[in-house]
Amino acid sequence: MTATGSMFGLAFGDCMGKPTEFQRFEEIVRLYGPQGPSDLPAGGLVTDDTQMALAVADALLEQPGGADLAVEPFTASLIEHFLAWAKSPDNNRAPGMTCLRAIGNLGNGLPWPQATQRGSKGCGANMRVTPIGLLPDVPETTIAGAAQLQAALTHGHATGLAASDLTACATRWLAQGMAPSDLVPALRERCQEQRRIYHGDWLGDELWRVPMRNSPEDFIEAGWVECGMILGVLAKAAQNPDPALDPCDYTGEGWIAEEALATALLCFLMYSDEPVRALGRAAATGGDSDSIAALAGAFLGARHGIEAFPAAWPERIEYRERLARSGAAWDVGRA
Ligand SMILES: [Mg+2]
């Protein structure tokens, strides 16, 4: 039940981080104590993070399984679901400006390489990518291409692409049973391996053409290097983090893609076998708490399955039917 666990875990984290997203760390500690919140807020409301992850999940559910996931139909389906989200009356959860601008451009009929925000590496693309890591029986190159493409539609920055790829891989590897202690070394190795690989079959020949980059390889390399640097910081921080400190003090506030990944991983690694505590830690952060906790929740659920969370939470969380639908489809595929 790892796919179900990861989909619900993302929503649980998002819900726990929603009230704390715009609060300072000291304020959160004063309200909830040093460990942060320990229960899902009543009402179970989530933010744009879960809404957009569900848009990606619903687009995936329309695609053929396994290696047949193909660029054009997936792109069209993603755009359709992003537009539907942008127009929905539920889109009132402090959505990110990059997403709104890029999706506005898509709605005006611009092709995505022109609609995307090339200068933005906000975390809006990797907070929604984890469903791609849950697809069963899909080759890792397809996961990489799909993860980077879904980022590229709104966040055209190379670091946003690399961070989305890493976030999908982390989710996938945890769902496959990788030990938490192996995760950061594996992600750092991926930064090295992928350093000069541009997925032109998924990303096309236009995205990489930005000032100061002479080739697709030069373009993507900058993103992998930036992600590799923050993972190096994380590797040190994760050795002995002080639980009384704001995790953002170590790996950044998470408003940008690579920091959201690193700080979410730090919270996950601090309490990788105590999901509620890890989510409380992730929600008690001075930065982008809902996105940090959403990603931490996706990792926790991928590792432990839905059973590791309090039994009352799935019934309380917003969008539970949609979360359950994709989770069930991919858990069956995996079994
Ligand atoms: Mg949010």
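The values are calculated or read from the model by the stated rules, or taken from the named source; none is laboratory data. Values in this document were obtained by computation on a predicted structure and should not be read as measured data. Because the Cβ atoms are built from the backbone with ideal geometry, glycine has one as well, and the counts that use them run over all protein chains shown. Accessible surface is based on the protein model in full, side chains and every heavy atom, while ligands, DNA and RNA are left aside. Shrake-Rupley method; radii C 1.70, N 1.55, O 1.52, S 1.80 Å.
At a glance:
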{"item": "Charge dipole (the stretch 205-335, unit charges on Cβ, about Cα centre) - positive-most of Tyr319, Phe268, Ile292", "result": "Tyr319"}
{"item": "Net lengthening on full extension, Arg209/Met229 (0.36 nm per residue, minus Cα-Cα)", "result": "4.8 nm"}
{"item": "Global geometry of the stretch 1-136, whether rounded, prolate or oblate, following the gyration tensor of its Cα atoms and the 1.5 cut on a/c", "result": "oblate"}
{"item": "Magnitude of the charge dipole, the chain, Cβ model with Lys/Arg +1 and Asp/Glu -1, debye to 20", "result": "220 debye"}
{"item": "Gap separating the Cα centres of the stretch 21-94 and the stretch 146-184, nearest whole Å", "result": "16 Å"}
{"item": "Net charge dipole size for the stretch 51-97 [Lys, Arg +1 and Asp, Glu -1 on Cβ; Debye, nearest 20]", "result": "260 debye"}
{"item": "Percent accessible area from carbon and sulfur atoms, the chain, protein chains only, probe 1.4 Å", "result": "53 percent"}
{"item": "Per residue, in Å², the accessible surface of the chain once ligands and nucleic acids are set aside, probe 1.4 Å", "result": "37 Å²"}
{"item": "Size descriptor, Kirkwood hydrodynamic radius, that averages inverse alpha-carbon separations across the chain, Å", "result": "19.1 Å"}
{"item": "Gained length - Leu245 relative to Ala67, 0.36 nm times residue gap less alpha-carbon distance", "result": "59.7 nm"}
{"item": "Per-residue HN-Hα couplings for the stretch 112-117 [Karplus 6.51, -1.76, 1.60; θ = phi - 60°; Hz; x = Gly/Pro]", "result": "4, x, 9, 6, 5, 9"}
{"item": "Highest average packing first - 252-260, 83-91, Cβ atoms within 10 Å", "result": "252-260, 83-91"}
{"item": "Sum of -39500 (n - 2.57) over DSSP H runs of 4+, divided by residues of the chain (222 nm, nearest 500)", "result": "-19000 deg cm²/dmol"}
{"item": "Overall form of the stretch 244-297 per C-alpha gyration tensor (a/c, 1.5; a/b vs b/c)", "result": "prolate"}
{"item": "Convex hull of the stretch 203-335 built on C-alpha atoms - directionally averaged projected area, nm²", "result": "10.8 nm²"}
